[in-house]
Amino acid sequence: MNVRDILEAKGRNVITLKPEATLEEAMQVLAGRRIGAIVLTDDADGVAGIVSERDVVRVLGTIGVSALSESIGQMMTANVRTCTEDTTVNEAMEMMTTGRFRHLPVCQNGRLIGIISIGDVVKQRIEEVEREALQMREYIAAG
Ligand code: AMP
């Protein structure tokens, strides 16, 4: 099982903004689209950074509402870990666990082509385990 299997099930649409967008705009997108993170892209469709709800809470909790009109480029994580479609589900899970983040953009030749979340990875793993259990029960029942 790899990241391609997850993208084929959930789609490849990624909600993005430019680093020049304001924190207020980013919060509207996070709330309106019911997502936990926004990938910030450069002009070549590459990943420039990521802003998640954790960053929003950190900035609002430390700076306060005056940060709402600041650009998200100033508060994004610039050193973004990414994967490819060939990354296995277990590798993606390992990256998220050791890096302590819940979102992993998927890139190909330096361009953003999808995103997976820890929720997508857990869903995929549960389905896999259930499939294996079913196969095992069928194997045992067949005698
Ligand atoms: P999250 O758990 O995804 O809400 O993110 C927790 C923190 O990690 C935030 O500061 C994010 O900006 C950052 N982050 C999220 N995804 C990634 C990623 N793929 N690579 C690096 N940092 C990330």
Zero-based 10 Å bins, Cα pair distances in region 12-116, whole percents: 15, 48, 30, 7, 0
Whole-number percent relative contact order across region 3-142, with pairs defined as alpha carbons under 8 Å at least 6 apart: 27
Under the Karplus curve 6.51 cos²θ - 1.76 cosθ + 1.60, θ = phi - 60°, whole-Hz ³J(HN,Hα) for region 78-88, x wherever Gly or Pro sits: 8, 8, 8, 7, 10, 10, 10, 5, 8, 4, 6
Working out 0.36 nm times the residue gap between E127 and T22, then minus their Cα-Cα distance, what length gain in nm do you get to one decimal? 33.9 nm
Once the Cβ-Cβ distance between R81 and R34 is put in as r, and R0 is 30 Å, what FRET efficiency do you end up with, to the nearest 0.05? 0.80
Charges only on Cβ, +1 for Lys and Arg, -1 for Asp and Glu: so what's the dipole of region 3-142 about the Cα centre, in debye to the nearest 20? 280
Going residue by residue through region 90-105, the Karplus relation 6.51 cos²θ - 1.76 cosθ + 1.60 with θ = phi - 60° gives ³J(HN,Hα) values, rounded to whole Hz and with x marking Gly or Pro, of 5, 5, 4, 4, 5, 4, 5, 5, 6, x, 6, 9, 10, 10, 9, x
Please determine, in degrees from 0 to 90 and to the nearest 10, the orientation of helix 23-32 with respect to the longest principal axis defined by the Cα atoms of the chain, where the helix direction is its Cα long axis. 30
For E138 and I118, compute 0.36 nm times the residue count separating them, minus their Cα-Cα distance, and round to one decimal in nm. 4.2 nm
Taking every DSSP beta bridge with both residues inside region 3-142, roughly what % is antiparallel (nearest 5)? 80
Under 20 Å from a point placed 7 Å out from the Cα of E70 along the Cα-to-Cβ direction: which residues of region 1-27 have their backbone N that close? 17-27
Using modelled backbone amide H atoms (1.01 Å from N, in-plane), which distant-in-sequence or interchain residues come within less than 5 Å of G114's amide H? V106
Ranked packing of 56-65, 130-139, 101-110, 31-40, most packed first, by mean Cβ within 10 Å: 101-110, 31-40, 56-65, 130-139
How large is ³J(HN,Hα) for each residue in region 127-143, as worked out from phi by the Karplus curve 6.51 cos²θ - 1.76 cosθ + 1.60 (θ = phi - 60°), to whole Hz, x for Gly and Pro? 4, 5, 5, 5, 4, 4, 5, 4, 4, 5, 5, 5, 5, 5, 5, 6, x
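Here, each number is a calculation from the coordinates, and none is a lab measurement. Quantities reported herein were computed from a predicted structural model and do not represent experimental measurements. Virtual Cβ from ideal backbone geometry, glycine too; neighbours counted across all protein chains shown.
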